[in-house]
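The values are calculated or read from the model by the stated rules, or taken from the named source; none is laboratory data. Nothing here was measured: the structure is a model prediction, and the numbers come from that model. Every residue, glycine as well, gets a Cβ built from its backbone with ideal geometry; the counts of neighbours run over all protein chains shown. Side chains included, ligands, DNA and RNA excluded: accessible areas come from the protein's heavy atoms. Shrake-Rupley method; radii C 1.70, N 1.55, O 1.52, S 1.80 Å.
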Amino acid sequence: MTSDEIQNTTGWVFNIQKYSVHDGPGIRTVVFLKGCPLSCRWCSNPESQSFTPQLAYARTKCITLSECSHCAEVCTAGAITRGEDDKINIDWQLCNQCLACTEVCPSSALSPYGEKMKVMDVIDEVESDASFYTRSGGGLTLSGGEPLAQPEFAIALLKEAKHRYLKTAIETAGLVKKEVFLEAAKYLNYILMDIKCIDPVKHKEFTGVDNTLILENFKALREAFPKMKIRVRTPVVPGFNDTVEDIQAVVDFLKGHDVEYEPLAYHRLGQQKYVNTGREYLLGDITLPQETFEALQQVAGQHPRAIIK
């Protein structure tokens with residue numbers, strides 16, 4: 001691809017988060033891409049799973065149908081009705097995701113998750129904070145969803161970032177074609193990769209897919225890029241992988257690999273997004289006891305480059 005073709009490549013972005021310090025070294029700008037082949041029950045970015053834009057409704061922002069009825073007037077599906085509090089209700093079964101209501105909502109109570117953007121527009125926004133990256137060693141991080149589920153767009157973003165001397169990182173589940181995974185790695189300085197569970201049956205039950213390709217891609221990455229800086233992360237989820245045996249299996253899998261390893265405590269910070277998009281949060285109100293997580297951190301600590309916070 002020519003430089004112009006790379007810059008004009010388009011893809012779907014649902015958020016650009018600046019001044020992040022948890023998504024790679026230094027201060028970073030995280031670009032969240034839509035689309036994911038997994039459907040993790042605990043996903044904190046459920047708006048990322050679909051490859052197309054979708055409606056979000058923040059009820060607290062609605063200024064009531066008495067003050068404004070624009071959304072109901074443009075809804076051809078009949079999905080918007082009056083609630084008991086005079087704010088709108090949405091029948092998510094009727095909503096056809098046309099998003100016409102988001103264009104007329106004056107309070108942004110109705111908004112779309114997802115915007116088509118060109119590579120050059122994304123990178124221009126990332127590059128605007130280049131001074132922070134220089135001092136901190138930060139740069140661009142691609143996240144999602146699974147950013148490599150939009151392979152052409154993700155790789156074009158990484159190429160353009162490298163062309164502009166920006167350091168690059170990615171947060172990935174690794175469930176992509178091996179050739180895509182290794183091609184992207186050519187333009188990366190740092191990889192944060194989830195290995196959620198070694199047991200393929202349990203992995204499929206909680207994420208919708210087994211982990212064969214994920215584990216194969218990790219091994220292929222280490223072989224092709226032995227000096228690549230990698231941090232493997234395991235989100236510890238109650239009822240899924242919160243046992244000594246689960247974490248020990250990941251530690252054993254990583255044995256002999258010169259990578260960082262970090263267990264992450266389960267949280268429900270994305271739960272409101274399920275409400276906003278009319279979805280059910282499947283894990284309910286379960287919690288991860290602190291003493292359980294601390295015990296599992298000790299197991300993770302067997303790995304020579306464990307990150308224990």
> In region 193-226, which residues are open to solvent by less than 30 Å² (accessible area, probe 1.4 Å) and of a type outside the set (Val, Ile, Thr)?
Replying inline: 193, 196, 197, 203, 206, 211, 215, 217, 218, 220, 221, 222
> Within the group 282, 269, which residue is open to solvent by 50 Å² or more (accessible area, probe 1.4 Å), modelled with pLDDT under 95, closer than 25 Å to residue 200 by Cβ and part of a loop (DSSP other than H, G, I, E, B)?
Replying inline: 282
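Condition first: of a type outside the set (A, V, I, L, M), closer than 18 Å to residue 117 by Cβ and open to solvent by less than 60 Å² (accessible area, probe 1.4 Å). Now tell me which residues in region 4-27 satisfy that. Spell out how you get there, then give the answer.
Step one: filter region 4-27 for residues of a type outside the set (A, V, I, L, M), giving 4-5, 7-12, 14-15, 17-20, 22-26.
From what's left, closer than 18 Å to residue 117 by Cβ: 4-5, 7-12, 14-15, 17-18.
Result: 7, 9, 11, 14.
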> Hey, among 230, 198, which residue is modelled with pLDDT of 95 or more, under 18 Å from residue 264 (Cβ atoms), under 19 Å from the mean Cα position of the chain (by Cα) and of a type in the set (Val, Ile, Thr)?
Replying inline: 230
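From 206, 218, which residue is of a type outside the set (Gly, Ala, Ser), within 18 Å of the chain's Cα centre (by Cα) and assigned to a helix (DSSP H, G or I)? First the steps, then the outcome.
On the way: 218 fails: within 18 Å of the chain's Cα centre (by Cα).
Only one candidate passes the filter, namely 206.
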> With (1) over 24 Å from residue 273 (Cα atoms); (2) open to solvent by 20 Å² or more (accessible area, probe 1.4 Å) as the list, and residue 42 as the residue in question, which single condition is left unmet?
Replying inline: (1)
> What's the number of the condition residue 245 fails, among (1) part of a loop (DSSP other than H, G, I, E, B); (2) farther than 30 Å from residue 152 by Cβ; (3) free of Cβ contacts under 8 Å to residues at least 24 places away in the same chain; (4) open to solvent by 30 Å² or more (accessible area, probe 1.4 Å)?
Replying inline: (1)
>> I'd like to check something: does region 227-238 contain any residue that is free of Cβ contacts under 8 Å to residues at least 24 places away in the same chain, surrounded by fewer than 20 Cβ atoms within 10 Å (Cβ to Cβ) and on the phi < 0 side of the Ramachandran plot?
In response: yes
> If residue 68 satisfies every condition in (1) free of Cβ contacts under 8 Å to residues at least 60 places away in the same chain; (2) within 30 Å of residue 153 (Cα to Cα) but one, which is the exception?
Replying inline: (2)
> Can you name every residue in region 51-101 that is crowded, with 16+ Cβ neighbours inside 10 Å and hydroxyl-bearing (Ser, Thr, Tyr)?
Replying inline: 57
> List the pairs whose first member sits in region 36-50 and is more than 17 Å from residue 17 (Cβ to Cβ) and free of Cβ contacts under 8 Å to residues at least 40 places away in the same chain, whose second member is open to solvent by 40 Å² or more (accessible area, probe 1.4 Å) and outside any helix (DSSP H, G or I), and whose Cβ atoms are under 6 Å apart, counting only residues at least 6 apart or on separate chains?
Replying inline: none
> Any idea which of (1) crowded, with 18+ Cβ neighbours inside 10 Å; (2) under 16 Å from residue 23 (Cα atoms); (3) of a type in the set (S, T, N, Q) is the one residue 136 doesn't satisfy?
Replying inline: (1)
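Applying the selection to region 84-114, what residues are free of Cβ contacts under 8 Å to residues at least 60 places away in the same chain and on the phi > 0 side of the Ramachandran plot?
Of all residues in region 84-114, those free of Cβ contacts under 8 Å to residues at least 60 places away in the same chain come to 84-89, 91, 93-94, 96-112.
Those that are free of Cβ contacts under 8 Å to residues at least 60 places away in the same chain and on the phi > 0 side of the Ramachandran plot: 86, 97, 99, 108.
Of the residues that sit in region 102-117 and are within 24 Å of the chain's Cα centre (by Cα) and open to solvent by 30 Å² or more (accessible area, probe 1.4 Å), which one is farthest from residue 14 (Cα to Cα)? Reasoning before the result, please.
Step one: filter region 102-117 for residues within 24 Å of the chain's Cα centre (by Cα), giving 102, 108-117.
So of that shortlist, the ones also open to solvent by 30 Å² or more (accessible area, probe 1.4 Å) come out as 108, 111-113, 115-116.
Working: 108: 15, 111: 11, 112: 8, 113: 5, 115: 6, 116: 9 Å.
The residue in question is 108.
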>> Among the residues that make up region 15-29, is at least one of them of a type in the set (A, V, I, L, M, F, W, C), closer than 29 Å to residue 123 by Cα and in contact with a helix residue (DSSP H, G or I) (Cβ under 7 Å, 6 or more places away or on another chain)?
In response: yes
